[in-house]
Amino acid sequence: EHDLVKKNTNVLTTLKQLRARGATYALAGLLQCTIFHPMNIAVGLFTTCVGLYMVRVGTKAAQFLKSLKASIIDEKALLAAFQQNDRNGDGVLEVFEFEGLMYSLGIELDSDELEAAFGSIDTND
């Protein structure tokens with residue numbers, strides 16, 4: 001099995017954790033709303049919204065990466081797409097190059113999904 005496929009499996013696990021963390025935030029926010037004070041309700045609603053957003057981003061990015069994993073059949077084609085998007089030829093993709101790679105593989109991610117996917121596989125941070 002190719003190293004990228006193994007790494008992709010680790011990314012999917014990380015994105016599942018993002019969804020679980022989002023669900024925890026949403027639950028904590030709802031619990032905060034049960035304390036009937038305007039500030040608690042405002043903070044609770046905000047926390048709930050942040051949690052639901054994290055669940056959405058994690059779920060959507062995981063779906064895209066899962067489809068990417070399924071599409072990695074031809075290793076030579078993937079390597080060619082990688083090299084085409086590695087504009088400076090250093091063998092490492094920056095975020096904008098990763099976005100080009102995803103687009104060339106037929107996967108369109110919005111900015112939040114792109115950051116979530118790239119951040120979960122970026123080994124430099």
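The values are calculated or read from the model by the stated rules, or taken from the named source; none is laboratory data. Small disclaimer: the values here were computed from a predicted structure and weren't measured. Positions of Cβ are backbone-derived with ideal geometry, glycine not excepted, and every protein chain shown enters the neighbour counts. Note: accessible area is taken over every heavy atom of the protein model, side chains too, but ligands, DNA and RNA are not part of it. Shrake-Rupley method; radii C 1.70, N 1.55, O 1.52, S 1.80 Å.
Here the label points at ILE121 and LEU45, each 7 Å from Cα along the C-beta direction, are separated by 3.9 nm in the simple model. Residue by residue, the stretch 41-53 carries 3J(HN,Hα) couplings of 5, 4, 5, x, 5, 4, 4, 4, 5, 4, x, 5, 5 Hz when phi is fed to the Karplus relation 6.51 cos²θ - 1.76 cosθ + 1.60 (θ = phi - 60°); x denotes Gly or Pro.
3J(HN,Hα) couplings calculated from phi for the stretch 108-118 with the Karplus curve 6.51 cos²θ - 1.76 cosθ + 1.60 (θ = phi - 60°) are, in sequence order, 9, 10, 6, 4, 5, 5, 4, 4, 5, 5, 5 Hz; Gly and Pro show x.
For the stretch 98-106, backbone phi angles converted through the Karplus equation (6.51, -1.76, 1.60; θ = phi - 60°) give residue-by-residue couplings of 4, 4, x, 4, 4, 5, 5, 8, x Hz, Gly and Pro being listed as x.
Among THR59, THR34, the order of accessible area from largest down is THR34, THR59, computed with a 1.4 Å probe on protein heavy atoms. Between TYR103 and ILE35, the FRET efficiency estimated from the beta carbon spacing at R0 = 35 angstrom works out to 0.15.
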